[in-house]
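Undergrad: Can you keep this structure in mind? I'll have questions shortly.
The values are calculated or read from the model by the stated rules, or taken from the named source; none is laboratory data. Only a predicted model underlies this, so the values are computations on that prediction, with no experimental measurement involved. Quick reminder, even Gly has a Cβ in these numbers, built from the backbone with ideal geometry, and neighbours come from all protein chains shown. For accessibility, only protein heavy atoms count, side chains too; no ligands or nucleic acids. Shrake-Rupley method; radii C 1.70, N 1.55, O 1.52, S 1.80 Å.
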Amino acid sequence: MVVAISEFSASDVRKHLKWAGPLEVILRGARDFTATPQTPLPGWRADDKRPFLFHLSRMSPSKNPQAIVGLAQAWPEMNFIFSGPPSEDAKHLRDTVKLPNVQFHLGISDGQKAWAFAHCAGFLFPSFAEGFGLPPVEAMQFGRPVFLSRLTSLPEIGGDVAEYFDDFTPDAMRQVVERGLARQAKPGREDAIRAHAALFDSDAAAGEYMALYRRLLGLAAR
């Protein structure tokens, strides 16, 4: 028995590992940060109104942070915040990108992450390769618009509430983001995004795993 965290991952297992045995998809549950006490990022006030676009990842080349840097360079009036663990890739990007509208905050706390998700104008995730895509779900829990690549598992995760990049040139990306930010102003939009994020529930995923284990062990369902 193989369990995959997305339909895309399941298709990869079948295709690349030639797996023909039992396979189930249990969508990964996401930790909910919406009730976490918030702490502003360094240099920001709790009630800061400056708009910014947020990116959270380890910033490896597969996450495509270079596309966001290009967007920031072409969009000087918008602020961009990059966060994530202090990986070598992240530190290299921080040390080489010197744009006045770009900030790097590495190794942030849960409270700072919650603040950034709650206050960002939108969340950027133009990744080339994902088996699931946890940060976009975390952003959607706050009702924030997410801007994703249309590659690998991300369309499955973002569904019809996300905006998608088909072209990673700065002008094309900016058009997608501006269109999505305008769409965000429509009544009920944030509620629809939160409702979609609720599909990726940790308790529900745990229940599905428990039911699977009981079935494999021949135990009665509960």
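Undergrad: Mind checking which pairs have a first residue in the stretch 94-120 that is over 27 Å from ASP191 (Cβ atoms) and a second that is among the charged types (D, E, K, R) and open to solvent by 30 Å² or more (accessible area, probe 1.4 Å), Cβ under 8 Å, 6 or more apart or different chains?
TA: Pairs that qualify, where the first residue is over 27 Å from ASP191 (Cβ atoms) and the partner is among the charged types (D, E, K, R) and open to solvent by 30 Å² or more (accessible area, probe 1.4 Å), are ASN101/GLU77; PHE104/ARG94; LEU106/LYS91; LEU106/ARG94.
Undergrad: Another question about this same structure. Six or more apart or on different chains, Cβ atoms under 8 Å: show the pairs whose first residue is in the stretch 14-41 and within 30 Å of ARG194 (Cα to Cα) and whose second is open to solvent by 80 Å² or more (accessible area, probe 1.4 Å).
TA: LEU23/MET1; LEU23/ARG14; GLU24/MET1; VAL25/GLU7; ILE26/GLU208; LEU27/LEU199; GLY29/ASP203
Undergrad: Would the stretch 143-155 turn up any residue that is closer than 15 Å to LEU56 by Cα, at pLDDT 95 or above and open to solvent by 10 Å² or more (accessible area, probe 1.4 Å)?
TA: yes
Undergrad: Moving on to the next point. Looking only at the stretch 125-158, which residues are among the hydroxyl-bearing types (Ser, Thr, Tyr) and closer than 12 Å to GLU7 by Cα? Steps first, please.
TA: Initially, the stretch 125-158 is screened for residues among the hydroxyl-bearing types (Ser, Thr, Tyr), giving 127, 149, 152-153.
Answer for the stretch 125-158, where residues must be among the hydroxyl-bearing types (Ser, Thr, Tyr) and closer than 12 Å to GLU7 by Cα: THR152, SER153.
Undergrad: Here is a further query. Applying the selection to the stretch 1-57, what residues are acidic (Asp, Glu) and more than 30 Å from GLN73 (Cα to Cα)?
TA: Of the residues in the stretch 1-57, the ones acidic (Asp, Glu) are 7, 12, 24, 32, 47-48.
Across the stretch 1-57, the qualifying residues are GLU7, ASP12, GLU24, ASP32.
Undergrad: May I ask you to list the residues in the stretch 1-34 that are in a loop (DSSP other than H, G, I, E, B) and closer than 19 Å to GLU156 by Cα?
TA: Across the stretch 1-34, the qualifying residues are ILE5, SER6, ILE26, LEU27, ARG28, GLY29, ARG31.
Undergrad: What single numbered condition from (1) in contact with a Leu (Cβ under 6 Å, 6 or more places away or on another chain); (2) at pLDDT below 95 fails to hold for PRO135?
TA: (2) is the only condition that PRO135 fails.
Undergrad: Would you confirm, using the coordinates I've provided, whether LYS49 is part of a loop (DSSP other than H, G, I, E, B), open to solvent by 90 Å² or more (accessible area, probe 1.4 Å) and at pLDDT 95 or above?
TA: no
Yes or no, residue by residue, for (1) out of contact with any Pro (no Cβ under 8 Å at 6 or more places or on another chain); (2) under 23 Å from LYS91 (Cα atoms):
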| site | (1), (2) |
| --- | --- |
| ALA35 | yes, no |
| PRO40 | yes, yes |
| ASP47 | yes, no |
| ARG50 | yes, no |
| ARG58 | no, yes |
| SER62 | yes, yes |
| ILE68 | no, yes |
| ALA72 | yes, yes |
| GLU77 | yes, no |
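Undergrad: Within the stretch 59-142, which helices (runs of 4 or more DSSP H) (wholly inside it) include 2 or more residues that are open to solvent by less than 50 Å² (accessible area, probe 1.4 Å), closer than 21 Å to PHE200 by Cβ and in contact with a strand residue (DSSP E or B) (Cβ under 8 Å, 6 or more places away or on another chain)?
TA: On the way: elements: 65-74, 88-96, 110-119, 134-141.
Because the criterion is at least 2 residues that are open to solvent by less than 50 Å² (accessible area, probe 1.4 Å), closer than 21 Å to PHE200 by Cβ and in contact with a strand residue (DSSP E or B) (Cβ under 8 Å, 6 or more places away or on another chain), the helices (runs of 4 or more DSSP H) in the stretch 59-142 that meet it are 110-119, 134-141.
Undergrad: Next up: Quick check on my filter: what residues within the stretch 156-170 are over 15 Å from ALA10 (Cα atoms), buried (at least 16 other Cβ atoms within 10 Å of the Cβ) and out of contact with any strand residue (DSSP E or B) (no Cβ under 7 Å at 6 or more places or on another chain)?
TA: VAL161, PHE168, PRO170, listed by residue number.
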